[in-house]
Amino acid sequence: MAAPDHILLNGYKHVLYTTKSLSQDKSIQNSKTFHEWLDKRRSVREFSDQDVPKEIIDNLILSASTAPSGAHKQPWTFCAVSNPALKTKIRQAAEAEEKESYEHRMSERWKKDLEPLGTDMHKPFLEIAPWLIIAFKKVYEFDENGEKHNNYYVNESIGIACGMLISAIHNAGLVTLTHTPSPMNFLTKILDRPSNERAFLLLPIGYPKSPAYVPDIHRKGLDEIAVYYD
Ligand code: IYR
């Protein structure tokens, strides 16, 4: 007998989970090609100003929002900025924070660690990239009675969603980098966000400049990142 298309669990509807079943060989092949494809992703700091259609940005945000989240609260808002005046405002405010960070807040060791990556306080990509997505985490929400409730595992949830967003950007043939001006509260003001939202990550999105160069860094091998318990 075929499985029913839904059941009730504690009175709540659960629908049949369906997925394409793969042979073990196909599964091995897919896991390998997925890794090879992800391994081509790089944080790119040099952008082309070529336009990216809004439809792509919509799809990227929808992809990010498929992430698992604490109690399925989806505690996030993705602000997508293409408005040039707003991008200029964001660049100016971010560079002011970055100047303070590079000159006073970051340790010498931190700056030394960043040297091979070629970052500094100047962030032209904030104006050149056609889109900026700023991921805000929703720390709490109000219910229908106006009562405040904290969300669950907010950092884990938004972190996973941003990871999926980055993968979706790569899949669309676009590039990004994880920009983290700190503190980021200027973004709440510029983008006029409510008090339950905190900026988490800023991602410029676009096509890479041609040519674009990235640092010659290498990823850790499996023996350095994994421990197996057979
Ligand atoms: N937020 C700064 C500094 C920075 C910090 C780390 I850790 C990086 O991996 C890269 C940069 C900036 O965006 O330049």
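The values are calculated or read from the model by the stated rules, or taken from the named source; none is laboratory data. Predicted, not measured: the structure shown is a model, and the values here were computed from it. Cβ placement follows ideal geometry from the backbone for every residue including glycine, while neighbour counts extend to all protein chains displayed. All accessible areas refer to the heavy atoms of the entire protein, side chains included, with ligands and DNA or RNA removed. Shrake-Rupley method; radii C 1.70, N 1.55, O 1.52, S 1.80 Å.
The figures follow:
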| item | result |
| --- | --- |
| For S48: the one exception among (1) under 30 Å from H218 (Cα atoms); (2) within 19 Å of the chain's Cα centre (by Cα); (3) open to solvent by less than 50 Å² (accessible area, probe 1.4 Å) | (2) |
| Of the criteria (1) part of a helix (DSSP H, G or I); (2) farther than 16 Å from S157 by Cβ; (3) more than 12 Å from the ligand (Cβ to nearest atom), which one K99 fails | (3) |
| Total residues in segment 160-210, condition open to solvent by 30 Å² or more (accessible area, probe 1.4 Å) and among the small types (G, A, S) | 7 |
| Residue pairs meeting the criteria (Cβ under 9 Å; at least 6 apart or on separate chains; first more than 18 Å from A199 (Cβ to Cβ), in segment 139-163; second modelled with pLDDT under 95) | K148/F142; H149/F142; H149/D143 |
| Qualifying residue in segment 24-38 (condition: at pLDDT 95 or above and outside any helix (DSSP H, G or I)) | no |
| Residues located in segment 183-225, provided they are among the small types (G, A, S), within 25 Å of P84 (Cβ to Cβ) and part of a loop (DSSP other than H, G, I, E, B) | S210, A212 |
| Residue count for segment 166-197, restricted to those that are of a type outside the set (F, W, Y) and within 16 Å of the ligand (Cβ to nearest atom) | 13 |
| Enumeration of residues in segment 105-141 that are open to solvent by 40 Å² or more (accessible area, probe 1.4 Å), within 14 Å of the ligand (Cβ to nearest atom) and not in a helix (DSSP H, G or I) | S107, G118, D120, M121, H122, P124 |
| Segment 85-95 - residue that is small (G, A, S) and in contact with a helix residue (DSSP H, G or I) (Cβ under 8 Å, 6 or more places away or on another chain) and, of those, surrounded by the most Cβ atoms within 10 Å (Cβ to Cβ) | A94 |
| Qualifying residues in segment 51-96 (those that are under 22 Å from I160 (Cα atoms) and hydroxyl-bearing (S, T, Y)) - the one farthest from the chain's Cα centre (by Cα) | S69 |
| Candidates Q50, Q74 - the one that is part of a loop (DSSP other than H, G, I, E, B), at pLDDT 95 or above and in contact with a Ser or Thr (Cβ under 7 Å, 6 or more places away or on another chain) | Q74 |
| Residue list for segment 145-158, restricted to those being open to solvent by 30 Å² or more (accessible area, probe 1.4 Å) and either within 16 Å of the ligand (Cβ to nearest atom) or in a loop (DSSP other than H, G, I, E, B) (or both) | N145, G146, E147, Y152, Y153 |
